[in-house]
Structures are given as structure tokens and as C-alpha cells.
Amino acid sequence: MSDVALRPWAADDLETLRRANAPEMMTYLGGPETEEQLVARHERYLRLGSEGAAWMFRIVTPDHPEGVGTIGYWRHEHHGEPAFETGWAVESAYQGRGFATAALRLAVADAAHREPGTPVYAYPRVANAASNAICRKAGFTLEGEEDFEHPKGTWAASNVWVLHPPAA
Ligand SMILES: CC(C)(COP(=O)(O)OP(=O)(O)OC[C@H]1O[C@@H](n2cnc3c(N)ncnc32)[C@H](O)[C@@H]1OP(=O)(O)O)[C@@H](O)C(=O)NCCC(=O)NCCS
């Protein structure tokens, strides 16, 4: 069992985002963001949370209440169908300990509780071996491969992973 827990995104999480913005962690996410982009992202997470459009979290452990990374899910459409999309990051110093897999299981359970039956999608780049590994380990099914634009202007081949939580 893992001691990983998710803490809802809060006003003091700008620092959590700054730490997740390390160049080596942004390889498959379009490279590091500017301070201005980070502040905008932080404010967006808070706003979307209060609007019920996204649920972002700080990933914490008993030894690291300040956080080891971020995860979340947000409203999304997959080929016109209502869905959630999920995304994550675990800081380099804490990688390889199962934290991302545990956090993904918790995020998916939270989504299933919030909206039973809504599928959860993840679109890691094909080259992002660690992210594809955690999808597999958390029970997602690989549906195929598609090109996605993220960030704006950058297209890359991504895997389409889906988890269908049970209906209520
Ligand atoms: C993806 C990420 C969150 C994984 O975090 P983590 O806490 O190290 O993940 P876990 O320890 O739960 O699992 C990692 C798994 O990936 C596997 N893995 C790691 N690097 C790998 C590689 N190069 N090739 C194959 N498998 C790899 C590990 O072996 C492990 O699987 P195992 O437990 O079966 O051995 C982390 O690498 C990260 O933040 N990357 C940068 C941000 C990012 O790319 N975000 C996702 C965008 S979709």
C-alpha cells in the first residue's frame, strides 16, 4: 500500500507548479513555462476548481506534505462524447517510487465517485515511456494513437488511454 494522498489545489500551490516546471520534467509537455504562464495556470486551476470544471491536486506523502507533484482531471470531450481528461507530474527526486501510479489510481477513483460511468482519458506522447507505463499499471486500456496539439502549435503522436469506471 502506498501512503500517497491527493490534496485539492489551493492558494499556496503556485510553488508546487514552479517545482513541476523543471526542464527535464517538461520534455513531453512543450518545455518549461514562463513565470507569467505558471501564475496564469495556477489561477486557472483555482478558478476551474471553483466552477466545477477541473479538479487539480497536490500529490502528498506523509514525509512530503509540501508535495511531490501534481495530478488532476478536467471536463473534456472525446470524439464528441463527455469524458474527463487526466494529466500528471512527479518531481524528478521522487520518481520511480510508484507515486504517480498511486496518485493516478486515486484521481480516477475521485472522478468515478464524482461522476460514475464517465470515461477518463489520458494522452501521453508515444515516446513518454514512464507516463505510458503508469496508464497501463493503473488499469487503463490502450485504444490507439492520435496526433495531438499540445501546447498550442506543437503536434505530437500520442497514445489514447481510457479507463471506464463502473456506472453507479
Ligand atoms: C510520468 C511520471 C509522472 C512518472 O512518475 P513516477 O512517480 O516515477 O511513476 P511510477 O513510479 O508510479 O511509475 C513509473 C513507471 O514507469 C516506468 N518507467 C520509467 N521510465 C521508463 C522508461 N524510460 N521506459 C519504460 N518504463 C519506464 C517505471 O519502470 C515504472 O514502472 P514499474 O513500476 O513497472 O517499474 C514522471 O516521470 C513525470 O513527472 N514525468 C514528467 C512529466 C510528464 O511527462 N507528465 C505526463 C505528461 S502525459
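Please treat every number below as a calculation from the coordinates, not as lab data. Not measured: the values here are computed from a predicted model. Backbone-built Cβ (ideal geometry, glycine too); neighbour counts: all protein chains shown.
Here are the numbers for this structure:
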quantity: Selection of trypsin sites (Lys or Arg not before Pro), region 79-116, meeting DSSP coil and at most 14 other Cβ within 10 Å; calculated: Arg97
quantity: Proxy reagent accessibility, fewest Cβ within 10 Å first, across Thr16, Thr27, Thr70; calculated: Thr27, Thr70, Thr16
quantity: Ranking of Lys137, Lys152 by count of other Cβ atoms within 10 Å, fewest first; calculated: Lys152, Lys137
quantity: Point-charge dipole on Cβ atoms (K/R +1, D/E -1) for the chain, about Cα centre, debye to 20; calculated: 340 debye
quantity: Overall form of region 49-98 per C-alpha gyration tensor (a/c, 1.5; a/b vs b/c); calculated: oblate
quantity: Counted charge near Phe140, where neighbours are those whose Cβ lies closer than 13 Å (Asp, Glu -1; Lys, Arg +1); calculated: +1
quantity: Mean shadow area of the chain over all directions, Cα convex hull, nm²; calculated: 9.6 nm²
